[in-house]
1. For segment 146-170, name all the residues that are closer than 10 Å to Met185 by Cα and open to solvent by less than 30 Å² (accessible area, probe 1.4 Å).
2. Testing Trp3 on (1) modelled with pLDDT under 90; (2) over 19 Å from Ile139 (Cβ atoms); (3) of a type outside the set (Asp, Glu); (4) open to solvent by 60 Å² or more (accessible area, probe 1.4 Å), one condition comes back false. Which one is that?
3. Given the structure, is Ala22 over 27 Å from Lys126 (Cβ atoms), part of a helix (DSSP H, G or I), modelled with pLDDT under 90 and open to solvent by less than 60 Å² (accessible area, probe 1.4 Å)?
4. Going through segment 206-237 one residue at a time, which ones are open to solvent by 70 Å² or more (accessible area, probe 1.4 Å) and over 15 Å from Leu124 (Cβ atoms)?
5. Can you give me the ranges of the strands (runs of 3 or more DSSP E) entirely in segment 26-105 with at least 3 residues that are buried (at least 19 other Cβ atoms within 10 Å of the Cβ) and under 16 Å from the mean Cα position of the chain (by Cα)?
6. Please go through (1) free of Cβ contacts under 8 Å to residues at least 24 places away in the same chain; (2) assigned by the TED database to the domain that holds Thr165 for Glu136 and return the number of the only condition it doesn't satisfy.
7. Return a yes/no flag: does segment 92-99 have any residue that is among the polar types (S, T, N, Q) and at pLDDT 95 or above.
8. Tell me yes or no: at least one residue of segment 194-205 is surrounded by 17 or more Cβ atoms within 10 Å (Cβ to Cβ) and either closer than 17 Å to Asp128 by Cα or modelled with pLDDT under 95 (or both).
Amino acid sequence: MGWMAVSCTMALLLLLAGTACADTGHFGVTFDGCRDTGDTGLLSVLETAYEQVNGLFGTCPDHVETVIISDGAMDRVGKQVDSFSGWNKEFSVIILRNSSLQRRSSLRFLGAHELTHLAVNELLFKKDPAEFHWMEEGICTLASGEPMDDAEASRYILEHGFLDTGEIFDAIKSEDCAVSKNGYMQSYSLVKYMEGRYGFDMIKKLLGCPEECFDAAFRQCADESFASVYDDWKAYVISTGHAAA
């Protein structure tokens, strides 16, 4: 889950109320409403994720506050939410569900996913959200290395119907979990298709392109129209989705 105004406010309140357990390297860690068990290797996981993401973008904040909150507190944000992040030019924070610390295999993906939000926010905050921000969740999923089955993602998209980029952005922001999931899936699938076609460097170039219009930026970076690529992606989803059915 990416930047939300409420997330920064919530994080600041938690930081004031919580008990700090560590502040080292790129991370300060605070526990709020839960206890540090001391056996999760959290800082090591976060530092590894930082190296991974900053190696891709070079725009991770120098310091990131990390707040661990109880499952009950996170449930009030969303029962399906394990993490989210908050960012502005002065402050960066990652919020993690306490029980996620015990799932070491998925913790590194959560850390890398949220750090990618912080890294790309540095690039995206100058852009019109309606034009470019539909890419964000897809980029975060791709950059974090989260295990995703592309064929299953295609099948899911076919079951729920294609969205254009504006609709993807709106779906991701939805408080309806099913609608939001569809937005996440389509953002991931379309960004992954672009990465396979052009390479990840083109996606970074697109994020940094000064063009305010996404279509114009895409043509400048890829030397073809986004509309034709979108149609090719749809054909790919149809092919792989039917094969997975």
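1. Passing the criteria: Ala153, Ser154, Ile157, Ile168.
2. Of (1) modelled with pLDDT under 90; (2) over 19 Å from Ile139 (Cβ atoms); (3) of a type outside the set (Asp, Glu); (4) open to solvent by 60 Å² or more (accessible area, probe 1.4 Å), only one is false for Trp3: (2).
3. no
4. Matches in segment 206-237: Asp215, Arg219, Gln220, Asp223, Asp231, Tyr236.
5. It comes to 83-87, 92-97.
6. (1)
7. no
8. So far as segment 194-205 goes, yes, one or more of its residues are surrounded by 17 or more Cβ atoms within 10 Å (Cβ to Cβ) and either closer than 17 Å to Asp128 by Cα or modelled with pLDDT under 95 (or both).
The values are calculated or read from the model by the stated rules, or taken from the named source; none is laboratory data. Computed from a prediction, not measured in an experiment: that's the story for all the values here. When we count neighbours, we look across all protein chains shown, and the Cβ atoms used for this are built from the backbone with ideal geometry, even at glycine. All accessible areas refer to the heavy atoms of the entire protein, side chains included, with ligands and DNA or RNA removed. Shrake-Rupley method; radii C 1.70, N 1.55, O 1.52, S 1.80 Å.
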